[in-house]
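Asks: Dropping the structure in here first, questions after.
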Amino acid sequence: MTHRKLGRNAAHRVSMLKTMVSQLVKHERIETTVAKAKEVRRLADNMVQLGKKGTLDAARQAAAFVRGDDVMHKLFTELAYRYKDRVGGYTRILRTRIRVGDAAPMAYIEFVDRENELREAKPARPQPPPRPMDPWARSKANQYWASPKDPPTPSSEPEEQ
């Protein structure tokens with residue numbers, strides 16, 4: 001399945017998601033249900049990717065989706081600069097509570113690497129050290145990667161006359 005229906009018809013769903021992505025870009029954190037947050041995450045990450053491209057085509061695609069010139073400006077300047085070195089994962093979902101009226105699980109969705117974030121981004125995990133090879137595997141590897149041995153060349157001795 002490519003998307004969640006969220007109990008709405010297509011036009012209402014798309015309109016709601018456009019508004020939520022625009023508000024997320026504007027405020028950098030919103031509280032919503034977990035299902036909506038998971039859908040907004042996909043679309044918000046795509047909008048940040050368009051902002052990082054910075055081309056006219058990307059600007060037109062983003063303008064067709066987000067609402068507001070201030071949101072467009074923030075997307076192509078501030079967020080594009082903030083995430084220029086990040087490959088993906090621009091948003092984070094933090095589950096918060098159960099809503100009182102209908103017991104829906106609620107969550108915050110926010111951009112990572114920003115001021116006043118609810119949870120600090122985890123540092124990158126260092127690569128584990130390479131495991132030592134057992135002697136038999138090491139000797140096989142050395143034979144495999146070793147340069148071919150040159151055959152002995154016959155020594156050219158000067159002939160006596």
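Asks: Which count do you get for residues in segment 19-35 that are at negative phi and out of contact with any helix residue (DSSP H, G or I) (no Cβ under 7 Å at 6 or more places or on another chain)?
Replies: Residues meeting the conditions: 8.
Asks: Name the pairs: first residue in segment 67-82 and more than 17 Å from Gln49 (Cβ to Cβ), second residue assigned to a helix (DSSP H, G or I) and open to solvent by less than 40 Å² (accessible area, probe 1.4 Å), Cβ to Cβ under 8 Å, at least 6 apart or on different chains?
Replies: Pairs that qualify, where the first residue is more than 17 Å from Gln49 (Cβ to Cβ) and the partner is assigned to a helix (DSSP H, G or I) and open to solvent by less than 40 Å² (accessible area, probe 1.4 Å), are Arg67/Ser22; Gly68/Ser22.
Asks: Related question: So the check is Cβ under 6 Å with 6+ separation or different chains; which pairs have a first residue in segment 97-114 that's assigned to a loop (DSSP other than H, G, I, E, B) and a second one that's among the hydrophobic types (A, V, I, L, M, F, W, C) and open to solvent by less than 20 Å² (accessible area, probe 1.4 Å)?
Replies: Pairs found: Arg99/Met106.
Asks: For residues in segment 86-138 being open to solvent by less than 100 Å² (accessible area, probe 1.4 Å) and of a type in the set (Val, Ile, Thr), which is modelled with the lowest pLDDT?
Replies: It comes out as Val112.
Asks: Filter segment 1-41 down to the residues that are open to solvent by less than 20 Å² (accessible area, probe 1.4 Å), assigned to a helix (DSSP H, G or I) and among the polar types (S, T, N, Q) and list them by number.
Replies: Within segment 1-41, just Ser22 meets the criteria.
The values are calculated or read from the model by the stated rules, or taken from the named source; none is laboratory data. Remember, it's a predicted structure, so these values are computed and weren't measured experimentally. So basically every Cβ, Gly included, is an ideal-geometry build from the backbone, and we count neighbours across all protein chains shown. Accessible surface is based on the protein model in full, side chains and every heavy atom, while ligands, DNA and RNA are left aside. Shrake-Rupley method; radii C 1.70, N 1.55, O 1.52, S 1.80 Å.
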